[in-house]
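To start, the structure itself, in structure tokens.
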Protein chains: 2
Amino acid sequence: MINIAIMGHGVVGSGVAEILINHNDRIKNRVKQDINVKHILDLRDFNVAYSDKFTKDFNDILNDDSVSVVAEVMGGITPAYDFVKACLLKGKSVVTSNKELVAAKGAELIKIANEKNVSFLFEASVGGGIPVLRPISNCLAANEIDEIWGILNGTTNYILNKMIVDNMDFASALKLAQDLGFAERNPAADVEGHDACRKICILSALAYGKHVYPDQVKTEGITEITLDDVEYADNFGAVIKLIGHSKKVENGKIIASVRPTLVSRSHILAGVNGVFNAVVVNGDQTGEVAFYGKGAGKEATASAVVGDIIDCIKNQNNEKYLTWEDGSADYVDTRYSESSPLYVTLKGDDFAALKGEFSSVLSDICDSHIMNEYKNEIAFITKPNNESFVKDKLTALKTVNSYKILHTMF
Amino acid sequence: MINIAIMGHGVVGSGVAEILINHNDRIKNRVKQDINVKHILDLRDFNVAYSDKFTKDFNDILNDDSVSVVAEVMGGITPAYDFVKACLLKGKSVVTSNKELVAAKGAELIKIANEKNVSFLFEASVGGGIPVLRPISNCLAANEIDEIWGILNGTTNYILNKMIVDNMDFASALKLAQDLGFAERNPAADVEGHDACRKICILSALAYGKHVYPDQVKTEGITEITLDDVEYADNFGAVIKLIGHSKKVENGKIIASVRPTLVSRSHILAGVNGVFNAVVVNGDQTGEVAFYGKGAGKEATASAVVGDIIDCIKNQNNEKYLTWEDGSADYVDTRYSESSPLYVTLKGDDFAALKGEFSSVLSDICDSHIMNEYKNEIAFITKPNNESFVKDKLTALKTVNSYKILHTMF
């Protein structure tokens, strides 16, 4: 008999409880042992069939030696970090859907888990119900992974999709997403890219073996994306997506960013719509491999947490292989800039003068362009170039009031 | 020290040998043990750096008790089946890329492996380098899977893609695929759907827990697909793909097929081009999850084989969970027909009469249609209907010389 505790009974936590209790036979079948949800930690009161399992005191879980697996689905760093650490130190396996916790403290918690020979698993922290972390660590074990990128946040993908398909502006699309429950009342974590940032940290740490901290990732949200950008992108054969990206560069360093990016319509990621997520992994042997599915939602995320619980139980007496080192200040090269095509828009009051300066100064780096006289705006795609080189050229222009640069995946 | 034998030194086998020998440090790191390729079985002679490892006698492998893991990459049933069975019975773990073998003998070989508590793994048999079998059995463990479908054969996807994008007819696209090495000189296994059939058998067995035999799967190839079909499909907002499909229906039975199918352009699978494969899995908790990547190729397939070897070594002393029952004659319901939209073309010598009969007899089941007077042909999409019902209607028509029905995934 395996006793399990669940910390947190919000959207994901109640989903985990429901799967473990309502589909108990299914889980028992998979692990070939009896499974029992013994404690559920939450400060709130719930009127559910399994009300007798609730506690408001973490020590009921920590000090119950019969509990061997704990699911942390509270979210946030405090008190989740202290609780998870205490459980691991007590020799309990922990699974979590908490991307903020893993992105901030993953290396430390993995180290403790390995020392105690228990599991610390977090499949649900990236891509909700999409299996992606375990396939990266298991199935791609024969590969050296050198690049990861993807659509890691369903809320922003939904908003951008509404802008692209329904010509809705950012504010209206955000409002709709909030009304439908796809975006929080305070949408900053999603629309400013912080959620995607945590996920690219976790993916990068797992793929390259060294922790990447959120503040090392150049993070931009989608709040500045206009319907004009969407239309220009379409003309350039692309759609705008919020892309988390990381890649190995020289000297064992990596680059990492979350940025609105023009993705070529011919790439499979251009077809990832609505709240769906997708992660592309580039291995030296497999080439490009992608994982796709709903990146959030109660059932999908809860099923990933339960998948981890099953894994903990199956591998209780087995050596744990999931591991990465602590990060370091200079591991992520924040100054490195790849040579790639860039999307640029320029605005100026005097459109004739802007056009003149554009063709005299920028024609050698411009690959294709759109002149929008109604908006006094020029949009263009550069030839493959270093971003800082392009920025220097743009800041030297005299007729430009403002400019915008987006990455591309062509 | 783990000693490994490789049976077969063709495209995949040489790839496996190269990864294990040239990237030995990488693999050692992953399994935390020394890895040694001890024997390579092949009747041919090879002039390679590791020529000393070759043998022409299977008994050198079978009777070498120091060999604990064997990679079977010969292909075909004979002698692969006898060799694999003998190795398992001797207590050696076996990994294979041989879809024909797994589709024909999987249940039996898994049973032997479980009895001997060794591994029998075959990730490379479906989707080449795409992790799909292990994610299905591990990460989706908390799910009940009720449907699987996908593009399971890269050769036919390449040919159809050439027809769609470059307006090349089937024969020319096949010739090009052969010239580029994407299709065999004898292309029957690919273009007639047998390769995809084996893969849907394996996927279904794993997902639903019971063996599905290739002769239980309704299998149609792409040889009858014309450029007109491609164009009609485009008008109906779809692309034609060769889709392997299986689904749970009533009474614990399933349906299984490989058929050319119209896939809506709005679905992510419509964007899977060239030799790429993609598998969609529908779980009751996760909803739709998809796996995408190169379905074939030396490095990709070899890396999946090596991933399985790593898994065998890591789990040597662990209980094995991969399992499914033997199949049965009535498990696959071959008469069951889903009610879904169908794509139909009708040809007749007297086009005016054909049009007349179409509108008088078929207008109630027709959702949208295209009249092609140049070819005396009508193409239409039915309202959701049972295929046998539609067929009965078509065979009763007096003005029709021939008709064609394709499935749809709208």
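Throughout, read-outs are computed from the coordinates displayed, never taken from laboratory work. Values in this document were obtained by computation on a predicted structure and should not be read as measured data. Because the Cβ atoms are built from the backbone with ideal geometry, glycine has one as well, and the counts that use them run over all protein chains shown.
Is it fair to say B:Ala71 is within 14 Å of another protein chain (Cβ to nearest Cβ), small (Gly, Ala, Ser), part of a strand (DSSP E or B) and buried (at least 24 other Cβ atoms within 10 Å of the Cβ)?
Yes, satisfied.
Can you tell me how many residues within the range B:74-112 are farther than 18 Å from B:Gly307 by Cα and assigned to a helix (DSSP H, G or I)?
Matching residues across the range B:74-112 total 22.
Hey, can you tell me all the residues within the range A:81-116 that are within 14 Å of another protein chain (Cβ to nearest Cβ) and either under 23 Å from A:Asp65 (Cα atoms) or touching a Pro at 6+ places or on another chain (Cβ under 6 Å) (or both)?
Selection gives A:Val95, A:Asn114.
Please pick out the residue among A:Ser388, A:Ser337, A:Ser359, A:Ser368 that is surrounded by fewer than 18 Cβ atoms within 10 Å (Cβ to Cβ) and in a strand (DSSP E or B).
Only one candidate qualifies: A:Ser368.
Hey, could you check the range B:312-322 for residues that are assigned to a helix (DSSP H, G or I) and surrounded by fewer than 24 Cβ atoms within 10 Å (Cβ to Cβ) and say which is nearest to the other protein chains (Cβ to nearest Cβ)?
Applying the filter and picking the extreme gives B:Lys314.
Taking the condition surrounded by fewer than 16 Cβ atoms within 10 Å (Cβ to Cβ), more than 15 Å from A:Gly154 (Cα to Cα) and more than 14 Å from the chain's Cα centre (by Cα), does A:Leu180 pass?
For A:Leu180, the condition - surrounded by fewer than 16 Cβ atoms within 10 Å (Cβ to Cβ), more than 15 Å from A:Gly154 (Cα to Cα) and more than 14 Å from the chain's Cα centre (by Cα) - is not met.
Is it the case that the range A:324-335 has a residue that's touching a residue at least 60 places away in the same chain (Cβ under 8 Å) and at the interface with chain B (Cβ under 8 Å from one of its Cβ atoms)?
No.
Can you tell me which of A:Leu242, A:Leu262, A:Leu269, A:Leu227 is within 11 Å of chain B (Cβ to nearest Cβ) and either in contact with a strand residue (DSSP E or B) (Cβ under 7 Å, 6 or more places away or on another chain) or more than 24 Å from A:Ser337 (Cβ to Cβ) (or both)?
The conditions single out A:Leu269.
So if I check each of B:Ser264, B:Ser328, which one is over 19 Å from A:Leu269 (Cα atoms), out of contact with any Cys (no Cβ under 9 Å at 6 or more places or on another chain) and small (Gly, Ala, Ser)?
B:Ser328
Residue check: is B:Cys197 of a type outside the set (Val, Ile, Thr) and closer than 24 Å to B:Tyr343 by Cα?
Spelling it out, B:Cys197 is indeed of a type outside the set (Val, Ile, Thr) and closer than 24 Å to B:Tyr343 by Cα.
Write out, first by first residue and then by second, each pair whose Cβ atoms fall under 8 Å of each other, whose residues are 6+ apart or on separate chains, and whose first residue, in the range B:69-88, is within 15 Å of B:Ile4 (Cα to Cα) while the second is assigned to a strand (DSSP E or B) and of a type in the set (Phe, Trp, Tyr).
B:Val84/B:Phe120; B:Leu88/B:Phe120
With the structure loaded, tell me whether A:Ala379 is of a type outside the set (Ser, Thr, Tyr) and free of Cβ contacts under 8 Å to residues at least 12 places away in the same chain or whether it fails that test.
no
Of the conditions (1) of a type in the set (A, V, I, L, M, F, W, C); (2) buried (at least 24 other Cβ atoms within 10 Å of the Cβ); (3) more than 8 Å from every other protein chain (Cβ to nearest Cβ); (4) over 20 Å from A:Ala141 (Cα atoms), B:Ile255 satisfies every one except a single condition; which number is it?
(2)
Residue-by-condition table, conditions (1) within 14 Å of chain A (Cβ to nearest Cβ); (2) buried (at least 19 other Cβ atoms within 10 Å of the Cβ); (3) assigned to a loop (DSSP other than H, G, I, E, B):
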{"site": "B:Trp149", "(1), (2), (3)": "yes, yes, no"}
{"site": "B:Ile159", "(1), (2), (3)": "no, yes, no"}
{"site": "B:Ala171", "(1), (2), (3)": "no, no, no"}
{"site": "B:Lys199", "(1), (2), (3)": "no, yes, no"}
{"site": "B:Ile202", "(1), (2), (3)": "no, yes, no"}
{"site": "B:Asp215", "(1), (2), (3)": "no, no, no"}
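Would you pick out the residues in the range A:284-300 that are out of contact with any strand residue (DSSP E or B) (no Cβ under 9 Å at 6 or more places or on another chain), more than 7 Å from chain B (Cβ to nearest Cβ) and not basic (Lys, Arg)?
Listed by number, the list is empty, since nothing qualifies.
Just need a number here: residues in the range B:391-410 that are without any contact (Cβ under 8 Å) to a residue 60 or more places away in the chain and not in a strand (DSSP E or B).
Matching residues across the range B:391-410 total 11.
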